[in-house]
Structures are given as structure tokens and as C-alpha cells.
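Scroll down for the structure; my scribbles are underneath it.
The values are calculated or read from the model by the stated rules, or taken from the named source; none is laboratory data. Just so it is clear, the model here is predicted, and its values are computed rather than measured. Backbone-built Cβ (ideal geometry, glycine too); neighbour counts: all protein chains shown.
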Amino acid sequence: MQYSRAIDNKVYPPKVLVVDEDSQHLNVVRDLLQERFDIFTVGSEQECLDTVHGIYPDVILLDAMSEGEGFEFCQVLKGDPTIKSIPVIFITDCNDTAHRLTGYKLGAEDILPNSISKAELLTKIDVVLEKKNATDQLLNDVQKAQDLALKSITDKEDINVILEFMERSFSIDDYPELAKEVVNVLNRYHVSSAVKIRGVGEQYNLQICPKNGALEHELMERLRSFRRVVQFGERIIINFEHITILVRHMPLSNDKLYRRLTSHFVALVGSANAKIESLNNLKEVEENKGLFLAGISHELRTPMHGILSFARIGKKKIHTATNEKLLDYFDNIEKSADRLLSLINDFLDATQLEANKMSFQASKNNLYNTANFAASEFSSLLMEKGVELSVDEPTFSSAAWFDENRILQVYRNLIANAIRFTPKGHQINISFEERTLSLEDGSFPTPSIAVLVQDQGCGVPAQDCQSIFNKFIQLKTKQSGVGTGLGLTICKEIIKASRGTIQVENTDALGACFTFTIPVKQTGMTH
């Protein structure tokens, strides 16, 4: 499909701005596109900035060299709110995956090779323009809907009612009280209502004028996913993710008032939904914290019980037991004490990281060597579990800037997790990849090394891939074994302090792959 611009009922070809320092290449691109597009060419980034605000092109073709030139300028374009919606297509002589991913992360619509044919280039631009036109139309529709909603709430008192409700809801900390507050607001409009709140592990229903209440609540439940507003006669149902209300006695004889009240009630219920989401999050944290503390009490009792039991047996049999037997008692006491110390260290580390009080001593180290050292510590456990662990030597330098003791701690946690979930006879693999890391401060993407710890266990449920790194979270699986629920939180905080990233995903090998990325060069620790 070919696209054009209509201005004052006249049709014009789309404007394409080509940015390239190579004048010969500019001429080639102009020749390819001038039959279909209005072409503008510039030879520098400054010329581009001067031109783009004057002509506001429909698409920008930007040269991107393999060493990163062009990518940084794309950040400048996307950082200007007046032009950030203009699609950018990179033309590059580098086809490496990391290079392309960097371009997409910086906002490029497409990344094309210098050798692209005329037909393919025209098609690619058409696809980008089609997407832009659809996006522009959607934004226009949204703006019209917002304008209509604002016009509907014209009464100053209506706006004040919403603001007052939001202010009062700040201090509400349970579902029944919030439901009553919603009903109280609705009562001011001389309507009756029913409210259904969906909280964490519970539902709360409240209604005024309970005649046919059971039938109405069943209707509300059936229509909760139907659409935002369901109108039937003098009743309307308004649905949000966490709350549904049914309003009776809507003014059918006054269409203007009917529409105004509907818009007003949607705004009210939307505000209530945001509050419920906040309450749900708080309750989930409290619930996870409770489960965590219950688990921790068990975790602490287990090694302490082992220490006390073997100490008492040793005291009782000190004059009768053989030296070999006494040594066995001491070995068990030592193992339990090590486990107890590990638990206490987890608590202390999590507390220090949360308070930004953990010290980091970064220097140039080798991620491959550190991985091998960590792996060697698990040789006995691996043999006992019948699991193999391999560390692939990278074909590139794995030198990077990090605190070796802290990254060693990350390796230990990830390897211990992998061993815990990997069945006997299966494998764990640690490998390395060169990547480009975009830092959170918005600075230019930096070279980095990704470490992939791949197991062949049961994987991570898709819904837990984000929350698994949160404090107090443990996977509820049959194979999970023991753990504090703090190990991955500690890993996340250490990697974050190292200016890196960490994530988990399931793989085709039916296991989980934990990946953390560390910048190659010194970027400054955050602790």
C-alpha cells in the first residue's frame, strides 16, 4: 500500500529525511525513493536537527555505523518530545545481532542493510508509515475520547466529589470501608447501587436496596469481562479489574444527565480500582512476609535442633563412644552450624543491601575464572546429587569490572538453586555471551558480558519470572527443598549495585536459565 499526506484537500507524497555523511550514498537513496516520496537530505546531525523541526518528516532514514555512530543521535531524536513520534529507520553496514538489538532498544522502527534492494526498501518504508498512520489515528481517537469525558464532567461539584473521594481513600486500609465510601458517593446522586470488590484471596459485596441482590450480583459477575460500561435500561454496570458496580435508577428521560453521570461514575470507580490495587499489593506483601517468616522459623529450628541433638548425644556418650563416633557427631554439629551461619548471613546481607550499606570493592576480574572457582566449591554436592556442572570457556575475553566476592556470592546462589531443581542424571551449564547493556541512567549503551546459568529442572512458572527476585518470595514447587527466599533478592541487589541486570526465563530444554549481565568497563558502583 502506498501512502500520501492530505493537506487542505490536496494530496502530497510522504516526506522522508535522509541523514548520511556520505554524499554518494545520499544520492543513491534519493534515486531509489524520489519517485514515491518527497526526499530531503542532510549530511550531519546538526543539519538534521535544524531540518526536522522545519519540515516534520514522516520518516527519518539514519545512517548507523558499526562502531555506534547514529545510535547515540537516535537517543537525541527520541528525547525531544516534539519529534520523538517520527519513525527512525537505521541504514547500517553491520548486521550483527547485538548491534541490531541496540538499535531497536533505542527506538528504531527497523534496521536495514546498505545493500537493500529498491523494492524491499520501499516496502519497509510503507510498513513503517502504515504503523505510524495507525498509531496517529489511535492517539487521535484517544484524545477525542478524553476530550469527550472532560466535557461530560462539566459540573465543578462533580470534579470536587472525585477529588474528595480520592483524598478520603488515602486513609482507607480495608475493602469493606472502601466499598461503603463508594456507595456513599453514589448516594449523593439519588441512585441505589451494588458494589463487588475483588481482593487478594477474597471478595467483598455491598449493596443498598438489596431486593433481587443475589440475582444482581450473579449478573455483575457474568458481565465483569464483557466491557467497561454495560447499559440496560435504568441500570448500568461499570467494570474495572478489581471492582464492579451496578447503579440503579439512572435518569433515562435526560440523555445529557445520563451521559454525564456515567462518565462521572466511571471516573469514580477507576479511582476506587487504583486504591484496591494498592491494597491488594500491600496484602500480597504481608501474606508473602508471613509465609516467609513461618518458613524462616522452621529453617532456623532445623540446624539448631541438629546442633543441640548431636551435642547432647556426644555429652551423654563421651565416655563410651569411639573417637570415630564422636567425630561423626562433631561433623554433624559443624554442618548444622554452617547452615545456621548461612541463614544468618542471608538475613544480614539482605538487610545491608536494602539499606544501601553493603560495601563493594570493584576491580578488574575475570567472570570465567570466578565461575570455575564457584563451581569447584560444589563438587561434593554435585557428586552426591548425581548432577553434572559444566562451565563453557568463552571465545572472547571475560574480563570485566566487578567485586569478585559479591559476584562469587551470586554464582553460589544461582548454582545452588540449579542443583536443587535439577534431577539426578541431568546437567547444569554456565556459558557467556558478549552483549550491549543499556544503563538505567540513560547513558550510551555499554559493552557487557552476560553469564547464563542453565539448568534442566522444572523451570519457573511464567507468572513468577518477575516476582521471583522480590523479597519474601519462594517458588512453591515440590522440588524446591529448603531456602530462605532471600537468595535471589540478594543476587538482584548485588547485580543492580554492579550496574548490571538479572532475569530468568524458561527454555526449550524444560529448565530455567538465569542470566546476569555485567558491564565490561568501570561504570561506578551504586553502593
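Listing for the model above:
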quantity	calculated
Scan of segment 494-513 for residues that are out of contact with any Phe, Trp or Tyr (no Cβ under 9 Å at 6 or more places or on another chain) and on the phi < 0 side of the Ramachandran plot, ordered by number	496, 506, 507, 508, 509, 513
Where residue 215 falls short, out of the listed (1) assigned to a helix (DSSP H, G or I); (2) modelled with pLDDT of 80 or more	(2)
Qualifying residue in segment 486-493 (condition: modelled with pLDDT under 70 and under 21 Å from the mean Cα position of the chain (by Cα))	no
Selection from segment 228-277 of residues that are part of a helix (DSSP H, G or I) and of a type in the set (Gly, Ala, Ser)	263, 267, 270, 271, 272, 274
Qualifying residue in segment 67-89 (condition: in a strand (DSSP E or B) and either closer than 19 Å to residue 122 by Cβ or in the same structural domain as residue 127 (by TED's automatic domain parsing) (or both))	yes
Residue among 112, 122, 77 that alone is within 15 Å of residue 58 (Cα to Cα), surrounded by 13 or more Cβ atoms within 10 Å (Cβ to Cβ) and over 27 Å from the mean Cα position of the chain (by Cα)	122
Looking only at segment 309-324, and only at residues there that are without any contact (Cβ under 8 Å) to a residue 24 or more places away in the chain and surrounded by 13 or more Cβ atoms within 10 Å (Cβ to Cβ), the one that is farthest from residue 381 (Cα to Cα)	317
Every residue from segment 243-266 that is among the small types (Gly, Ala, Ser) and either over 25 Å from residue 197 (Cβ atoms) or buried (at least 20 other Cβ atoms within 10 Å of the Cβ) (or both)	253
Where a residue in segment 168-179 is in the same structural domain as residue 272 (by TED's automatic domain parsing) and its partner, wherever it lies, is surrounded by fewer than 14 Cβ atoms within 10 Å (Cβ to Cβ) and of a type outside the set (A, V, I, L, M), with Cβ under 9 Å and at least six apart	175/202; 175/203
Residues being modelled with pLDDT under 85 and surrounded by fewer than 20 Cβ atoms within 10 Å (Cβ to Cβ) - total across segment 54-72	6
Residue count for segment 191-212, restricted to those that are modelled with pLDDT of 65 or more, among the polar types (S, T, N, Q) and buried (at least 21 other Cβ atoms within 10 Å of the Cβ)	1
